[in-house]
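For reference, the structure is listed below as structure tokens.
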Amino acid sequence: MLYVADYPVGLESKVLQVNSLLKNQCDDDVAHMVSIHVIGGIGKSTIARAVYNSNSEQFDGFCCFLENVREKSVKHGLLHLQETILFEILGDNTTRLGNVSNGMSIIRQKLSHKKVLLVLDDVDKIEQVKAVARAPNWFGYGSRVIITTREKSLKIHPWVKRSYEVEELNDEEACKLLSWNAFKTDKVDSKYTNILNRALRYASKLPLALEVVGSNLFEKGEEDCKLILDQYARVPDKKINDILRVSFDSLDGNDKDVFLDIACCFGGYKLSDVENILDAHHGSSMRLSIESLIEKSLIKIDNDLVTLHELIKEMGREIV
Ligand SMILES: Nc1ncnc2c1ncn2[C@@H]1O[C@H](COP(=O)(O)OP(=O)(O)OP(=O)(O)O)[C@@H](O)[C@H]1O
Ligand SMILES: [Mg+2]
């Protein structure tokens, strides 16, 4: 099972909607592709992980959730995407692909009789899809490929049979997500109603911002909350990067340095590796820094890997 979210809200109905798009549409049940699209930070990857969990059992282990396709293809190239897929689905790490076009024929050859579930998370170029899933006949009957993307144009690719535009959270869901992050409960003392309402306005119902803004209010008294909200009030146009930056600005100097190191260099690294590297630069206090970055929802630990959201990484890179 993939990790989905710390405080999932409103996911069931979205998973049901995507599942209905994945359903068999005709008798021969050839493979088909579904796209999940909308701007960043709204929850595409989260929904895709939940959909993957709810379907993977039907695919006899021939499943692969390929994260961060955009970033991986820039860093490691398309050949690496192809190798990862073959490894994840078939456990095959011995076949040498040589080059991308060879890789394409090998994927087709090895998977065209397997019923696979493949998720390509955060695709931004059609070449990425073509390299690993060029056409329905690359995979066996009943296969499903899901892509998540910020790019509306990708949903018109002929492979994509159906697409799902993620709806934003409704008021109640947004309030729940914010409350869980700020107070670790959704039953919040009424004296905080005003504070919650203001915070909701600044986070504009974007789940990522709700997490980060909420976490910034965690364990703060009423007066401190108001001071923090005043900082959000000063952000012009409520630009997401600047809203996220308020959390960065509230960190201690050492925590800031650790955050910038992670944002620029160590996203996706193993926690123990990051600790070893940072220990040399910052001493053992970096452990406390890592704790406070987790508390602020600026980084997460997922399966022993240090992860941070693209938009948070971008915010960090903008600062450097
Ligand atoms: N329904 C939800 N319930 C709780 N948390 C959520 C929900 N949807 C998203 N989140 C949280 O919001 C953050 C952003 O979500 P996610 O990474 O899925 O967005 P995204 O649309 O994939 O963004 P990007 O386009 O940048 O990849 C994550 O930290 C996630 O945990
Ligand atoms: Mg994503």
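The values are calculated or read from the model by the stated rules, or taken from the named source; none is laboratory data. From a predicted model like this one, the values you see are computed outputs, not experimental measurements. Cβ atoms come from the backbone with ideal geometry, glycine included; neighbour counts cover every protein chain shown. Note: accessible area is taken over every heavy atom of the protein model, side chains too, but ligands, DNA and RNA are not part of it. Shrake-Rupley method; radii C 1.70, N 1.55, O 1.52, S 1.80 Å.
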- [ ] Sort out which residues of segment 103-125 are more than 24 Å from E71 (Cα to Cα) and either within 16 Å of ligand 2 (Cβ to nearest atom) or open to solvent by less than 50 Å² (accessible area, probe 1.4 Å) (or both), and write them in order of number.
- [x] L111, S112
- [ ] Quick one: which helices (runs of 4 or more DSSP H) lie wholly within segment 268-320 and hold at least 2 residues that are under 18 Å from N254 (Cα atoms) and away from ligand 1 (no atom under 16 Å from the Cβ)?
- [x] 271-282, 286-295
Task: Residues of segment 16-42 that turn out to be over 20 Å from L208 (Cβ atoms) and assigned to a helix (DSSP H, G or I), as a count - done: 6
TODO: Would you check which residues across segment 193-222 are surrounded by fewer than 18 Cβ atoms within 10 Å (Cβ to Cβ), free of Cβ contacts under 8 Å to residues at least 60 places away in the same chain and closer than 21 Å to S292 by Cα and list them?
DONE: E219, K220, G221, E222
- [ ] Under 9 Å between Cβ atoms, at least 6 apart or on separate chains: pull out the pairs that start in segment 272-292 with a residue that is hydrophobic (A, V, I, L, M, F, W, C) and open to solvent by 70 Å² or more (accessible area, probe 1.4 Å) and end on any residue that is part of a helix (DSSP H, G or I) and at pLDDT below 95.
- [x] L288/N254
TODO: Determine if segment 181-192 includes at least one residue that is among the hydrophobic types (A, V, I, L, M, F, W, C) and crowded, with 21+ Cβ neighbours inside 10 Å.
DONE: yes
- [ ] Report, ordered by the first and then the second residue, all pairs with beta carbons closer than 9 Å, sequence separation of six or more or different chains, a first member in segment 99-126 that is at pLDDT below 95, and a second member that is among the hydroxyl-bearing types (S, T, Y) and more than 16 Å from ligand 2 (Cβ to nearest atom).
- [x] I126/S153
Open item on the list: I need a count of the residues in segment 129-138 that are open to solvent by 10 Å² or more (accessible area, probe 1.4 Å) and within 19 Å of the chain's Cα centre (by Cα).
Closed with: 0
Open item on the list: Here is a check on your reading of the model: is D29 of a type outside the set (K, R), more than 13 Å from ligand 1 (Cβ to nearest atom) and touching a Gly at 6+ places or on another chain (Cβ under 6 Å)?
Closed with: yes
TODO: Taking the residues in segment 43-102 that are of a type in the set (A, V, I, L, M) and not in a helix (DSSP H, G or I) as candidates, determine which candidate is surrounded by the fewest Cβ atoms within 10 Å (Cβ to Cβ).
DONE: L97
Task: Qualifying residues in segment 139-162 (those that are open to solvent by less than 50 Å² (accessible area, probe 1.4 Å) and not β-branched (V, I, T)) - the one nearest to ligand 1 (Cβ to nearest atom) - done: L154
